[in-house]
Every structure is written in C-alpha cells, then in structure tokens.
Amino acid sequence: MKTVTYYDVATGQITGTSTFHDIYQVTVPEGEDTIQGAYDGQQYYAVDGVPVEYPPKPHEFVHFDYALRQWYDYRTLPDAKDAAKVQVMETLSAKMAKAIVGYTREEVLAFGSKLAAARRMAAGGPDEAIITTEAATLGVTPAVLTAKIVAKGTGFEALTALSAGIRGKTYKAVDEAMTVEAVDALMAAVRTQIEAEFP
C-alpha cells in the first residue's frame, strides 16, 4: 500500500490524501502534485514538494498567506468590533445559562413572580399560593422555602447585574477602539474578567 498527500502547486495548500495499492497509478488533479506519505492539511503545507509545518496560529481570526508564508489578519476594524460584541454576548449568555440548569422553561419564566411573592412574604405579607403550594408539595414550611427563594433570587440578580455591567462596559470600549489589535487586547481582558468573576 502507498499513501500520498495532494497539494496545490500554486499555493502549497494540502488538499487531501489517498492510499492505494502499489500496482495502481495515482491520478493527480490538474494544478496539483503529491508528496509521499500522509500529512494533515491543518498542520502542514507544501513548499517545493516538501511538507512544512504552519507557524503557531496567533488567534482564530487569521488566514494563512501562502505567498508570504505567514498568518495574516484580514479583518477590518468594523468586522473585529462586530465579532467582539457577538463574542461577549455569547460568553455571558453561556455563563448565565449555568444558573438555570435543571429548571424547566416554565419555572424560569415564573421565577420573577415567585421571587416577588417570596419577598412580600419575607417582609410579613400574607401567604401567597405560588409559595405555599410549592412548599406543601416539597414538604417544607413556607418560611423555609421563602428564605431559599429570596437567597437564590438575590444571587441571580447579582449575576444579571454583573453580566449587564460587563456587556455595557465592553460594548462602549469596543466602540471606542481604534485598531483591530486594540479590540483583540480588550477581548482578552474581558474573557479573563468573566472567568474570574462568574462562578
């Protein structure tokens, strides 16, 4: 058996591999050539028929320039800003989603009303059905459930406020950034902040 790797002669970009019996003649597409052996196109490109490892990729927003043999960032400043805003929103949404894991959609939608009811009861107000019914089903007193709901709700509100603050601050800083590099540096700092401040 023989394995060859195909590559584009003009660019050096690897296009695939093929394994076949030695008795067969390999068919090479027009504009391509082959290298003996298997080489991953995500890790190698070809220079004069020789596999060469790509240099370390600086970040995800780059493409390889085969003429210059280096990574190149083709983003415009508006592109970088748009991507940064999407990234911070998705990252914060993923963090917030962890706070509601294990709850049904209906419970999540009703939680604001339940928290308000729990706070009224904690302040000495009359019993509220949304609290007393759940407490009876759980086999706990309304006071115990009320305290639990208030504590959980207060914690969720704090996370919501933190998320809104980071998002707003980041959007403002992104809008004010003057270069793609500045946007990237900002987002690196924001990712670090989010990982440090969210549970």
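The values are calculated or read from the model by the stated rules, or taken from the named source; none is laboratory data. Note that this is a predicted model, so its numbers are computed, not measured. Glycine also receives a Cβ, built like all others from the backbone with ideal geometry; neighbour counts cover every protein chain displayed.
Name the pairs whose Cβ atoms lie under 8 Å apart, with the first residue in segment 85-109 and in the same structural domain as MET187 (by TED's automatic domain parsing) and in a helix (DSSP H, G or I), the second surrounded by 11 or more Cβ atoms within 10 Å (Cβ to Cβ) and hydroxyl-bearing (Ser, Thr, Tyr), and 6 or more positions between them or separate chains?
What qualifies is LYS85/THR170; LYS85/TYR171; VAL88/THR170; VAL88/TYR171; LEU92/SER163; LYS95/SER163; MET96/THR160; MET96/SER163.
In segment 42-84, what residues are β-branched (Val, Ile, Thr) and part of a loop (DSSP other than H, G, I, E, B)?
VAL62, THR76 - these are the residues of segment 42-84 that are β-branched (Val, Ile, Thr) and part of a loop (DSSP other than H, G, I, E, B).
Restrict the check to segment 43-63 and report whether at least one residue is in contact (Cβ under 8 Å) with a residue 24 or more places away in the chain, surrounded by 11 or more Cβ atoms within 10 Å (Cβ to Cβ), of a type in the set (Val, Ile, Thr) and farther than 23 Å from GLU176 by Cβ.
There is at least one residue in segment 43-63 that is in contact (Cβ under 8 Å) with a residue 24 or more places away in the chain, surrounded by 11 or more Cβ atoms within 10 Å (Cβ to Cβ), of a type in the set (Val, Ile, Thr) and farther than 23 Å from GLU176 by Cβ.
Report yes if ALA151 is exposed (fewer than 14 other Cβ atoms within 10 Å of the Cβ), out of contact with any His (no Cβ under 6 Å at 6 or more places or on another chain) and modelled with pLDDT of 95 or more, otherwise no.
Taking the combined requirement at face value, the residue satisfies it.
Is it true that some residue in segment 62-71 is in contact with a helix residue (DSSP H, G or I) (Cβ under 9 Å, 6 or more places away or on another chain), at pLDDT below 95 and assigned by TED's automatic domain parsing to the domain that holds GLY37?
No, because not a single residue in segment 62-71 is in contact with a helix residue (DSSP H, G or I) (Cβ under 9 Å, 6 or more places away or on another chain), at pLDDT below 95 and assigned by TED's automatic domain parsing to the domain that holds GLY37.
Just wondering, is there one or more residues in segment 31-41 that are more than 29 Å from ALA83 (Cα to Cα), more than 36 Å from the chain's Cα centre (by Cα), part of a loop (DSSP other than H, G, I, E, B) and not assigned by TED's automatic domain parsing to the domain that holds ALA185?
There is at least one residue in segment 31-41 that is more than 29 Å from ALA83 (Cα to Cα), more than 36 Å from the chain's Cα centre (by Cα), part of a loop (DSSP other than H, G, I, E, B) and not assigned by TED's automatic domain parsing to the domain that holds ALA185.
Based on this model, can you work out whether ALA177 counts as under 20 Å from the mean Cα position of the chain (by Cα), at pLDDT 95 or above and under 30 Å from GLU60 (Cβ atoms)?
So ALA177 fails the test.
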